[in-house]
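Structure first, then comments.
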Amino acid sequence: MPSSNRGAHPYQRFIPREEVQQVQSWTFAPVDEATLAAQRAEAEARQRAALAATEEQLRQAHARGYTEGFEQGRQAGAQETRDALLANLQAQAAEQARRVEALVASLQAELEALRTQLAEQVLALACDVARQVVRRELAQPLAPVRAVVQEALEQLTDDAQPATLRLHPHDLDMLQPALGELLAGRRVQAVADPRVQPGGCVVESASGVVDATLARRWARALAALGRDDEPWEAPTTERSDERTDA
């Protein structure tokens with residue numbers, strides 16, 4: 001019974017003759033020092049080439065990293081510079097705004113003070129002009145004094161009520177020709193009173209007192225202008241005497 005190779009290991013079977021004839025013997029080539037040196041040189045060359053390639057890759061990677069890092073740093077630095085410059089400009093603008101605001105406030109205060117000063121000067125000038133006008137009218141006192149007396153008498157609430165008209169002696173003498181007309185229909189007695197300044201009068205009755213003196217009328221006129229620091233200056237006695245003699 002022929003033997004069977006089934007189940008045998010593939011390297012433990014018999015090789016047929018036909019296959020044996022096709023097999024060629026293989027022998028190691030002789031290895032000498034030159035061959036080994038050449039192989040070592042080739043291996044070292046390949047190693048150096050691989051190392052050089054690796055170094056080149058590392059150099060390129062380093063260059064890319066440096067370039068990218070430099071660009072990122074440049075952009076970050078530029079942004080920081082812009083932020084710092086913007087903050088500086090904003091601070092300068094705020095400081096300038098504060099200075100301008102302070103300057104405007106100072107100018108407004110100075111303008112208001114100047115306006116007040118000018119108003120005071122104009123009012124003082126108006127008072128001086130008015131005082132001179134009154135004094136000039138007192139130089140020819142008949143019409144002004146008569147108008148003052150008539151206005152004061154018209155303020156009496158009851159013409160039938162007894163009253164006293166007080167005038168400066170010079171004014172009373174001057175108005176004697178016109179007293180009859182001024183006092184017609186009224187129970188008013190005119191008396192000379194040196195305490196009353198020339199150009200004014202005082203009417204006294206049971207219902208009250210009408211103060212039409214120059215000082216009182218002057219004070220009322222100034223009060224309407226918001227002033228109370230310009231008292232009336234009465235004319236001198238010499239001027240009053242000269243006016244009366246004239």
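The values are calculated or read from the model by the stated rules, or taken from the named source; none is laboratory data. Here the structure is a predicted model, which is why all the values come from computation and not from measurement. A quick note on method: Cβ atoms are made from the backbone with ideal geometry, for glycine too, and the neighbour counts reach across all protein chains shown.
What to note about this one:
Quick grid of which residues meet (1) touching a helix residue (DSSP H, G or I) at 6+ places or on another chain (Cβ under 7 Å); (2) modelled with pLDDT under 75; (3) part of a helix (DSSP H, G or I):
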position	(1), (2), (3)
15	no, yes, no
18	no, yes, yes
21	no, yes, yes
42	no, no, yes
46	no, no, yes
59	no, no, yes
65	no, no, yes
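- Flag if residue 94 is modelled with pLDDT of 85 or more, closer than 30 Å to residue 225 by Cβ, assigned to a helix (DSSP H, G or I) and hydrophobic (A, V, I, L, M, F, W, C): no
- Some residue of the stretch 152-165 being among the hydrophobic types (A, V, I, L, M, F, W, C), closer than 16 Å to residue 215 by Cβ, at pLDDT 80 or above and in the same structural domain as residue 213 (by TED's automatic domain parsing): yes
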